[in-house]
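Single-structure report; data block below.
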Amino acid sequence: MAVPTLDLKGSPFDFGLTHGKAFRAAIRAYATERVALAGGAAWTGRELSRRAVLALADACLDAHGAYAPDLVTELEGMARATDLSLAELVVVGGFTDFIDTVAAGGGAGLETAAVDDCTAFLVPGARMADGAAAFGQTWDMHEDSTEHVVLLRGRPKDAPDFLAFTTAGALAMIGMNEAGLSVGINNLMSADGRPGVTWPFVVREMLKAEDLDGALAALARAPLAGGHNYLVLDASGAGANVEAMPTASHVTRLGGRAVAHTNHNLGANTKAVERPRDPASQASSEARLADAERLLDRDDLTVDDLQAVTRHTGTICYRGSAPKFVGTCGGVVTRPRTRELWAVKGLPSAGAYERFAFEATPA
């Protein structure tokens, strides 16, 4: 399946209006689905009415506006085009953070089956055959999400141009800007969720930076709604993996070996605020992490090799099963030094990666 692309230009409101018009039906369908899921016990351990879900999403809007007012304006353009509320759009884009906020309302000890979303990694230049550091990941979610995958080509007036692998209605999930700054994610389950900023806003704010330190600063100032792991890599090859929970964070800087991450916390302080995971989900996350680390533990890796990691059907690339039908819905690999991004829609094992690129700045 080819990855649909959409060009965004003009004002922030124009960005949202264009996005909303292009995918109006998909965004509206996604809103209905995700608001219902956010109120269901299978995802949060709580049963909430639609009204209660949207009231909680509405309570997140002040934090979004204080953090990135231009991105709220973008959401307003999308709301105009789709006839959805800002609260509904917060749930559409930020679902996996938002359910931490919902779950926290039922008590910090609440246990639900984890959402095994994404296997991601950073590879230092010393381990790559061409000397250029690289990033890669699968994107895993309930399988109906595959049909909503899109690549945005953004040309903002006051920030670097960007490419964002995302879903209809979400401002960004995984991306790279024209400076080469790349951002990836995987989901974590926080027990300290709260009304706050959801992760697509954070990714887009990080993509305004031109280097690792700038991106980490954008992440650090976000009052987070839920837990996510962020992987950041810039054109110089500097990188970091950040387990970011609403009240705790754990940073691992990229050194001489690849850094991989799945969906369980590794830092002692972030483990302390992790929502309990059921044994099967914990085993899945640990197995995917072990396989990613094993596959990446060698020299002379190529972009093709990194794409092969995302295609590993033993654990990393998988089809969903009942009751949540969470599976691999896409994959991304970036090489920041050359401003190249490769993306695939659907199972990487069943599809071909497409190349997208900015013109590299001469060394």
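Could you tell me how many of the residues in the stretch 105-145 are surrounded by 24 or more Cβ atoms within 10 Å (Cβ to Cβ) and at pLDDT 90 or above?
Number satisfying all stated conditions: 14.
Just the residues that are part of a loop (DSSP other than H, G, I, E, B), in contact with a helix residue (DSSP H, G or I) (Cβ under 6 Å, 6 or more places away or on another chain) and closer than 16 Å to residue 186 by Cα, please, taken from the stretch 300-319.
Within the stretch 300-319, 315, 316, 317 meet the criteria.
Could you grab me the full set of residues in the stretch 243-258 that are touching a strand residue (DSSP E or B) at 6+ places or on another chain (Cβ under 8 Å), of a type in the set (A, V, I, L, M, F, W, C) and part of a strand (DSSP E or B)?
Initial filter on the stretch 243-258 (touching a strand residue (DSSP E or B) at 6+ places or on another chain (Cβ under 8 Å)): 243-246, 249-254, 258.
Retained after the next criterion (residues that are of a type in the set (A, V, I, L, M, F, W, C)): 244-245, 251, 254, 258.
Within the stretch 243-258, 244, 245, 251 meet the criteria.
Is it true that some residue in the stretch 285-303 is under 24 Å from residue 104 (Cβ atoms) and either in contact with a Ser or Thr (Cβ under 6 Å, 6 or more places away or on another chain) or small (Gly, Ala, Ser) (or both)? Show your work before the answer.
Our first condition is that a residue be under 24 Å from residue 104 (Cβ atoms); within the stretch 285-303, this holds for 285.
From what is left, the residues that are either in contact with a Ser or Thr (Cβ under 6 Å, 6 or more places away or on another chain) or small (Gly, Ala, Ser) (or both) are 285.
Within the stretch 285-303, one or more residues are under 24 Å from residue 104 (Cβ atoms) and either in contact with a Ser or Thr (Cβ under 6 Å, 6 or more places away or on another chain) or small (Gly, Ala, Ser) (or both).
Taking the stretch 320-353, which residues are basic (Lys, Arg), assigned to a loop (DSSP other than H, G, I, E, B) and closer than 22 Å to residue 168 by Cβ? It would help to see each step written out before you state the result.
Going through the stretch 320-353, the residues basic (Lys, Arg) turn out to be 324, 335, 337, 339, 345.
If we keep only those that are assigned to a loop (DSSP other than H, G, I, E, B) as well, we get 324, 339.
Scanning the stretch 320-353 gives a single hit, 324.
Looking at the stretch 41-60 only, could you name the residues that are among the hydroxyl-bearing types (Ser, Thr, Tyr) and over 19 Å from residue 196 (Cα atoms)? Quick ask: steps written out before the conclusion?
Start the filter on the stretch 41-60 by keeping residues that are among the hydroxyl-bearing types (Ser, Thr, Tyr), which leaves 44, 49.
Passing the criteria: only 49.
From the list 173, 189, 141, which one is touching a residue at least 24 places away in the same chain (Cβ under 8 Å), aliphatic (A, V, I, L, M), under 30 Å from residue 322 (Cβ atoms) and in contact with a Ser or Thr (Cβ under 6 Å, 6 or more places away or on another chain)?
Working: 189 fails: in contact with a Ser or Thr (Cβ under 6 Å, 6 or more places away or on another chain); 141 fails: in contact with a Ser or Thr (Cβ under 6 Å, 6 or more places away or on another chain).
Just a single option satisfies the conditions, and that option is 173.
For residue 41, indicate whether it is modelled with pLDDT under 95 and closer than 17 Å to residue 167 by Cβ.
no
Is it true that some residue in the stretch 270-283 is more than 22 Å from residue 99 (Cα to Cα) and not aliphatic (A, V, I, L, M)?
Within the stretch 270-283, none of the residues are more than 22 Å from residue 99 (Cα to Cα) and not aliphatic (A, V, I, L, M).
Please go through the stretch 225-251 and give me each residue that is hydrophobic (A, V, I, L, M, F, W, C) and over 19 Å from residue 197 (Cβ atoms), ordered by number.
So the first thing to find is which residues in the stretch 225-251 are hydrophobic (A, V, I, L, M, F, W, C), and the list is 225, 231-233, 235, 238, 240, 242, 244-245, 248, 251.
Selection gives 233, 235, 238, 240.
Could you tell me how many of the residues in the stretch 131-141 are in a strand (DSSP E or B) and over 16 Å from residue 27 (Cβ atoms)? Explain how you work it out, then say what you get.
Going through the stretch 131-141, the residues in a strand (DSSP E or B) turn out to be 134-141.
Checking the rest, the ones that are also over 16 Å from residue 27 (Cβ atoms) come to 134-140.
Qualifying residue count for the region: 7.
So, in the stretch 192-236, how many residues would count as being free of Cβ contacts under 8 Å to residues at least 12 places away in the same chain and closer than 24 Å to residue 102 by Cα?
The qualifying residues number 0.
Can you report the number of residues in the stretch 11-50 which are crowded, with 22+ Cβ neighbours inside 10 Å and of a type in the set (D, E, K, R)?
Here the count works out to 1.
Give me the pairs, please: first residue somewhere in the stretch 73-97 and at positive phi, second residue anywhere and surrounded by fewer than 23 Cβ atoms within 10 Å (Cβ to Cβ) and not hydrophobic (A, V, I, L, M, F, W, C), beta-carbon distance under 9 Å, and either six or more positions apart or on two chains.
What qualifies is 83/24; 83/28.
Would you point out the residue of the stretch 51-64, among those that are among the hydrophobic types (A, V, I, L, M, F, W, C) and touching a residue at least 40 places away in the same chain (Cβ under 8 Å), that is surrounded by the fewest Cβ atoms within 10 Å (Cβ to Cβ)?
Restricting to residues being among the hydrophobic types (A, V, I, L, M, F, W, C) and touching a residue at least 40 places away in the same chain (Cβ under 8 Å), the top hit is 59.
In the stretch 267-299, which residues are basic (Lys, Arg), surrounded by 14 or more Cβ atoms within 10 Å (Cβ to Cβ) and in a helix (DSSP H, G or I)? Spell out the reasoning first.
Taking the stretch 267-299 first, the residues basic (Lys, Arg) are 271, 275, 277, 288, 294, 298.
Subsequent filtering for residues that are surrounded by 14 or more Cβ atoms within 10 Å (Cβ to Cβ) retains 271, 275, 277, 288.
Selection gives 271, 288.
Could you check the stretch 144-163 and list, in sequence order, the residues that are in contact (Cβ under 8 Å) with a residue 60 or more places away in the chain and touching a Leu at 6+ places or on another chain (Cβ under 7 Å)?
If the condition is that a residue be in contact (Cβ under 8 Å) with a residue 60 or more places away in the chain and touching a Leu at 6+ places or on another chain (Cβ under 7 Å), then 150, 151, 152, 153, 154, 155, 163 are the ones that fit.
Table: residues versus (1) under 16 Å from the mean Cα position of the chain (by Cα); (2) of a type in the set (Val, Ile, Thr).
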site	(1), (2)
186	yes, no
194	no, no
202	yes, yes
205	yes, no
209	no, no
214	no, no
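Yes or no: residue 72 assigned by TED's automatic domain parsing to the domain that holds residue 27, surrounded by 24 or more Cβ atoms within 10 Å (Cβ to Cβ) and β-branched (Val, Ile, Thr)? So that I can check it myself, show each step before the final result.
Details: assigned by TED's automatic domain parsing to the domain that holds residue 27: yes; surrounded by 24 or more Cβ atoms within 10 Å (Cβ to Cβ): no; β-branched (Val, Ile, Thr): yes.
In short, no.
The values are calculated or read from the model by the stated rules, or taken from the named source; none is laboratory data. These figures come from a predicted structure and were not determined experimentally. Ideal geometry is used to build each Cβ from the backbone, glycine not excepted, and the neighbour counts take in all protein chains shown.
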